[in-house]
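The values are calculated or read from the model by the stated rules, or taken from the named source; none is laboratory data. Everything numeric in this text was worked out from a predicted model, so none of it was measured. Every residue, glycine among them, receives a Cβ derived from its backbone with ideal geometry; neighbour counts consider all protein chains shown. Side chains included, ligands, DNA and RNA excluded: accessible areas come from the protein's heavy atoms. Shrake-Rupley method; radii C 1.70, N 1.55, O 1.52, S 1.80 Å.
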Amino acid sequence: MVVWAVMATVLAGVLLALLLVYRRQVKSACRQLAFLKKHKTNLRLSTTLPFPELNELSDGINEILDRSREIERAVRTGDEQLKETITSLSHDIRTPLTSMDGYFQLLAQCESEEERRRYIAIIQGRIASLNEMLEELFTYAKLQNESYELSLEQVDLSKYVTDTLFSFYGELNRRGITPDITLCEERIWIQANGEAVRRVLQNILKNALEHGRSQLQIHLGRQDSRAVFTCTNDVGNAGAIDMDQVFTRFYKADSARTHTSTGLGLSIAKGLTDRMGGSITAALQDGLFTIKVAFPGKFEK
């Protein structure tokens, strides 16, 4: 009996000691949590005793802390991007509006019919530019909605490339650019949205004309079972182009923002291409900037 009594006493002492240590660890965790609530820090909850339940609880709390910090960083990044977006939009939209205001004043004071026609043509051009910018913003906003879907069907990529090139004939001629065009003789069919394909091609060619100089190479062909469209143009200051950012919204290689565009063209092209199951990449080599778009395709003579 004495032995059992001693063993019971020892066991009770051990359990009491464990209880005290357990409570001390819980209080330590509470103090750590109070500190983490008051201070912005990357510290994590820690335990010093091998209690499985406490370690599991600590790991769960640390996981919640990590997620909370990720959400906070995402919100902060989103706020910064929103500010940049507002700044970019205010500049891009204000430029044609300011220009139109000036030409409207000149138009009101003009007495020459020839000058009036010239100012009206300029104002119409500015309005068209503004409409195009707003359309780009509208398209970009739709692409940010994950539930936005494009209706896909079999379309003739060869025809869309040809039609788009013809639509740029006047602009190419005005700039004195004779493009080097290579189109495969096969008809190329892809699963895509016709209007989206047209928009992708137009944005790529607009980018080439806006930032290119005198060289323009267009190629449409096949690589294995994929239809590949490439557009290559020479650039004046290759060192100013950040290749990691060319598909980023509002990115412009010219920091002075001298071109009247939103900087959304290639970002929209990428968004539409991705939605149609294609791929789009950019490369810069020896002063030549190349955009390459590829889709799974079917080919027929």
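Per-atom-type breakdown for region 105-177 gives carbon and sulfur 49% of the accessible area (1.4 Å probe, protein chains only). For region 77-174, the residue among Y169, S90, S151 whose Cα projects farthest onto the positive side of the dipole built from Cβ charges is Y169. Taking the simple approach of a point 7 Å from Cα along Cα-to-Cβ for both T182 and E80, what is their distance in nm? About 4.3 nm separates the two model spin labels. Listed by chain and number, the aspartates and glutamates whose C-alpha is less than 15 Å from the C-alpha of K142, apart from same-chain residues fewer than 8 away, are E195, D274.
Within the assembled protein chains, the solvent-accessible surface assigned to T95 is about 60 Å², based on a 1.4 Å probe. Remark: spin-label model distance S147-Y169 equals 4.5 nm, labels positioned 7 Å along the Cα→Cβ axis.
Of the peptides 136-145, 197-206, 36-45, the ranking by mean beta-carbon count within 10 Å, highest at the top, reads 197-206, 136-145, 36-45. In this simple spin-label model, placing a label point 7 Å from the Cα along the Cα-to-Cβ direction at both N237 and R23 gives a separation of 7.1 nm.
Taking region 168-183 and a reference point 7 angstrom along Cα→Cβ of D156, the backbone N atoms nearer than 19 Å belong to 168, 182-183.
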